[in-house]
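*Asks:* Can you keep this structure in mind? I'll have questions shortly.
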Amino acid sequence: LDAVQAAVVEMEDSPHFNAGHGAALTESSEHELDASIMDGATLAAGAVCTVRRTRNPVLAARAVLDSGRAVLLSGVAADTFAELQGLSMVPNTWFTTQRRVDALRSLQQKEATGSFVPASEAEKHGTVGAVARDADGHLAAATSTGGFNNKPDGRVGDSPIIGAGTYARDGVCAVSCTGQGEIFIRRVAAYDIAARMMYAGEALDAAAHTVVFESLASHKIGAGLVALGASGNPIAPYNTLGMYRGWIATDGQLVVATHKELHPMGPA
Ligand code: ASP
């Protein structure tokens, strides 16, 4: 749990990803952030949605998990909860980067002139997630996102919905997803992978492959995920041109990749 949280905090603080600083903007040019975290050992989970002031939404999600009083807190109450937990709070503009402002402006201009062209994968995506397995075989998953540029105010995606964008269950799998959240919610995508493994006896890579390349792809959306089973190496299937990803394999080697080519980085 600590490892997935630490990985996601790092990416939330980076301007390169669509989470925390650098997150996508709503149709009103504001940021509404979603995040979740799940402990595969206990099935304990915590999530926040549409937070606007919490610097690291995944830390708020973790605090919700630790509190044990709720699984998902929303909006103003979630920010207030995070503040009372002593988490770092920032003005909403802290999350803004010029890249997102430009992308929103161009999307809205295209919409206004009727020359709507779907946003590129790079503009749309960048949700961050992590999965981990510890030495005792315990699994955990976490996901954090700004959603997508020009999303409706108040819209909540799959990332804070346990079973849709995030799921972890010891002995089965840990999963964190990216792609158009509405479809992941309707397909209960992360849990669908676990269900295929538990009820149909499918292997992790076969179950994830079916969900990404058949179930989700049938809606003509870009979809990707990172996942880890009870044993073996992590997997990161995606049906888009690329997906930024990195992992430590069972041989202890660190690997990063953006597209098909893998870049071994030596021992982790
Ligand atoms: N899944 C995210 C959402 O729908 C967006 C993404 O991953 O591109 O909020």
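The values are calculated or read from the model by the stated rules, or taken from the named source; none is laboratory data. Fair warning: this is a prediction, and the values are worked out from it, not measured in the lab. Don't worry about glycine lacking a Cβ; one is built from the backbone with ideal geometry, like all the others, and counts go over all protein chains shown. Heavy atoms of the whole protein, side chains included, go into the accessibility calculation; ligands, DNA and RNA do not. Shrake-Rupley method; radii C 1.70, N 1.55, O 1.52, S 1.80 Å.
*Asks:* Kirkwood Rh over Cα pairs of segment 1-158 into Stokes-Einstein at 20 °C, 1.002 mPa s: D in µm²/s? Write down the numbers at each step before the final one.
*Replies:* On the way: Rh = 15.7 Å.
For these conditions, the coefficient is 136 µm²/s.
*Asks:* Eigenvalues of the Cα gyration tensor times 5, then square-rooted: what semi-axes does that give for segment 130-257, in whole angstrom, largest first?
*Replies:* Details: eigenvalues 105, 51, 40 Å².
So the equivalent ellipsoid measures 23, 16, 14 Å along its semi-axes.
*Asks:* Report the relative contact order of the chain, percent, no decimals, based on alpha-carbon pairs under 8 angstrom and at least 6 residues apart. Don't skip to the end; give the middle numbers.
*Replies:* Numbers: 660 pairs, mean separation 47.7, N = 268.
Answer for the chain is 18 percent.
*Asks:* OK, next. I'd like the distance between the alpha-carbon centres of segment 121-173 and segment 208-253, rounded to an integer number of Å.
*Replies:* Here the two parts' Cα centres lie 12 Å apart.
*Asks:* Could you give the length gained on full extension between V90 and T258, defined as 0.36 nm per residue of separation minus the Cα-Cα distance, in nm? Please report the intermediate quantities before stating the final value.
*Replies:* Working: separation 168, 0.36 × 168 = 60.48 nm, distance 3.06 nm.
Fully extending the segment from V90 to T258 adds 57.4 nm.
*Asks:* For segment 213-260, with every protein chain kept in place, what is the accessible area per residue (1.4 Å probe, Å²)?
*Replies:* On the way: 2500 Å² over 48 residues.
Roughly 52 Å² per residue, with all protein chains present.
*Asks:* Hey, another quick one. Could you work out the longest stretch of the chain that avoids the trypsin sites (Lys or Arg not before Pro) located in DSSP loops with at most 10 other Cβ atoms within 10 Å? Write out the running numbers ahead of the final one.
*Replies:* Numbers: sites that count: R69, K220, K260.
Result for the longest clean stretch: 70-219.
*Asks:* Here's something else I'd like to know. Hey, what did segment 1-105 get for relative contact order, percent, Cα under 8 Å, at least 6 apart? Can you show the working numbers first?
*Replies:* Working: 200 pairs, mean separation 28.0, N = 105.
This gives 27 percent for segment 1-105.
*Asks:* Using only Cα positions of segment 28-69, each an equal point scatterer, no hydration layer, compute I(q)/I(0) via Debye at q = 0.16, 0.23, 0.29, 0.34 Å⁻¹ and quote the log10 values to two decimals.
*Replies:* -0.40, -0.69, -0.93, -1.13
*Asks:* I've got another one for you. Give the calculated FRET efficiency between R69 and S115 to the nearest 0.05, with a Förster radius of 51 Å applied to their Cβ-Cβ distance. All intermediate terms of the calculation are to be shown ahead of the outcome.
*Replies:* Details: r = 48 Å, r/R0 = 0.95.
FRET efficiency, R69 to S115: 0.60.
*Asks:* Further question on the same structure: Give, as ranges by residue number, the residues of segment 151-192 whose backbone N falls under 19 Å from the point 7 Å along Cα→Cβ of Y199.
*Replies:* Residues passing the 19 Å test: 162-175, 184-192.
*Asks:* Stokes-Einstein diffusion coefficient for segment 171-232 at 25 °C in a medium of 0.890 mPa s, Rh from the Kirkwood formula over Cα pairs: what value in µm²/s?
*Replies:* Working: Rh = 11.4 Å.
Diffusion coefficient, whole number: 215 µm²/s.
*Asks:* Do me a favour and compute the ellipsoid semi-axes for the chain from its Cα gyration tensor, root of five times each eigenvalue, largest one first, whole Å. Numbers along the way, then the final one.
*Replies:* Working: eigenvalues 148, 98, 59 Å².
They are 27, 22, 17 Å, listed largest first.
*Asks:* If you roll a 1.4 angstrom probe over the protein chains with everything in place, what fraction of the accessible area of segment 202-268 belongs to carbon and sulfur, to the nearest %? Don't jump to the answer; show the numbers that get you there.
*Replies:* On the way: 2160 of 3620 Å².
Taking all protein chains in place, segment 202-268 shows 60 percent carbon and sulfur surface.
*Asks:* For T42 and I248, calculate 0.36 nm times their separation in residues minus their Cα-Cα distance, and state this gained length in nm to one decimal.
*Replies:* Details: separation 206, 0.36 × 206 = 74.16 nm, distance 2.41 nm.
Stretched out fully, the T42 to I248 stretch lengthens by 71.7 nm.
*Asks:* Here's a follow-up. Below 8 Å between Cα atoms, with a sequence gap of 6+, how large is the relative contact order for segment 156-268 in percent? Present the calculation step by step, with values, prior to reporting the outcome.
*Replies:* Working: 210 pairs, mean separation 21.3, N = 113.
Rounded, it is 19 percent for segment 156-268.
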